[in-house]
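Okay, so here's the structure we're looking at.
Please treat every number below as a calculation from the coordinates, not as lab data. A quick note: this is a predicted structure, and the numbers were derived from the prediction, not measured. So basically every Cβ, Gly included, is an ideal-geometry build from the backbone, and we count neighbours across all protein chains shown.
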Amino acid sequence: MRRLLAVAALVLALATLASAQEQRWDFQLGGGVTLPAGSISQRFETGWHFTGGAGWRFGEHLGLRLDFTHTRERLVGTALPQAFIGGQHRVESLEVDARWTIDPTAAVPVELRAGPGLYRRRTEITSVSDDTPGPSVCDPWLQVCAEGPVSPDDILGSRSSTDPGFNVGAAVAIPIWRSLRVFIELRWRFVWGDTYGLPGEPSQRSTASYFPLSFGLRF
């Protein structure tokens, strides 16, 4: 409780300081839900994330944002046809976006943003049950690819990759006190991935799409 009160006091102090001068920078802290889209929606459940970042405004309309986001999603148990699996998918994201405020004088300005990012994806398969031994398994989004006969030990484990991508989105920031605002933001995040394949079979790339919906404080 003391730490929470200290963070709240720091946010209020920074908001007071920023309101006393022309504010060209801002910070935000928040979290929300992450919705997997496309192929990964059959592998990962709706997850959660927390995010933090800083922004710089060059003029009334144009600015720049740097954000870090940590995301976690549970694995869908039936993602592999030959076994029931348990585990989680984690993504650490670092994104640099240009942001454009449509009407800076509006009571609730709408902000558009887009830019590149770097994404560290880690898939952890911690349990395998009801296994059917033998068939080969190759799922790019679960980062598993092994020729048969495949045992549970071939599926269990933690695998990761660092991949480039980009994001686009929109946000609103609702003033609540001085320069302190509540923000709501929705983005589409696209990540390129590695190529996986078994001998004699077509390869697939582990590209992925996510929709992070975030809420929090901007000051």
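What net charge do the residues around Phe211 carry, taking every other residue with its C-beta under 9 Å from that of Phe211, with Lys and Arg at +1 and Asp and Glu at -1?
Every neighbour counted, the sum reads +2.
Compactness ratio of region 87-140: Cα Rg over 2.2 N^0.38 Å, N = residue count?
2.10
Have a look at the chain and give its Rg and Dmax from the Cα atoms, expressed in angstrom.
20.9, 69
Hand me the GluC sites (Glu not before Pro) from region 92-186 located in a DSSP loop with no more than 15 other Cβ atoms within 10 Å, in residue order please.
Of the GluC sites (Glu not before Pro), the ones in loops of region 92-186 whose Cβ has at most 15 other Cβ atoms within 10 Å are Glu147.
Hey, with R₀ at 22 Å, roughly what FRET efficiency would Glu147 and Arg122 work out to, going by the Cβ-Cβ distance, to 0.05?
Rounded to the nearest 0.05, the efficiency is 0.40.
List every residue whose amide H lies under 5 Å from the amide H of Ala79, counting only residues 5 or more places away in sequence or on a different chain, with H placed 1.01 Å from N in the peptide plane.
Ile85
Contour minus end-to-end for Ile102 and Ile184, with contour as 0.36 nm per residue of separation and end-to-end as the Cα-Cα distance?
27.9 nm
Taking a quarter of the surface of the Cα convex hull of region 97-219, what do you get in nm²?
Taking the Cα atoms of region 97-219, their convex hull projects to 10.3 nm² on average.
Measure nothing fancy, just the Cα-based angle from helix 2-19's long axis to the longest principal axis of the chain, in degrees from 0 to 90, nearest 10.
50 degrees
Would you calculate the separation in nanometres between label points at Ser160 and Leu213, each defined as 7 Å from the Cα along the Cα-to-beta-carbon direction?
Here the answer is 3.0 nm between the modelled labels.
Name the residue from Phe166, Trp56, Gly148 whose Cα lies farthest towards the positive end of the charge dipole of the chain, charges +1 on Cβ of Lys and Arg and -1 on Cβ of Asp and Glu.
Selected residue: Trp56.
Can you compute 3J(HN,Hα) from phi for each residue in region 46-58, using the Karplus curve 6.51 cos²θ - 1.76 cosθ + 1.60 with θ = phi - 60°, rounded to whole Hz and x for Gly and Pro?
Coupling constants for region 46-58: 4, x, 10, 8, 10, 9, x, x, 9, x, 10, 9, 7 Hz.
Expressed as a whole number of Å, what is the distance separating the alpha-carbon centroids of region 126-193 and region 18-70?
Each part's Cα centre sits 18 Å from the other's.
For region 40-140, list log₁₀ I(q)/I(0) at each q in 0.15 Å⁻¹, using the Debye formula over Cα point scatterers of equal strength and ignoring solvent, two decimals each.
Reported log10 I(q)/I(0), two decimals: -0.73.
Would you calculate the volume per residue, in Å³, of the smallest convex hull containing every Cα atom of region 35-90?
89 Å³
Taking amide hydrogens as modeled 1.01 Å from N in the peptide plane, which residues meet the under 5 Å criterion relative to Arg99, leaving out close sequence neighbours?
Gly63, Leu64, Arg65
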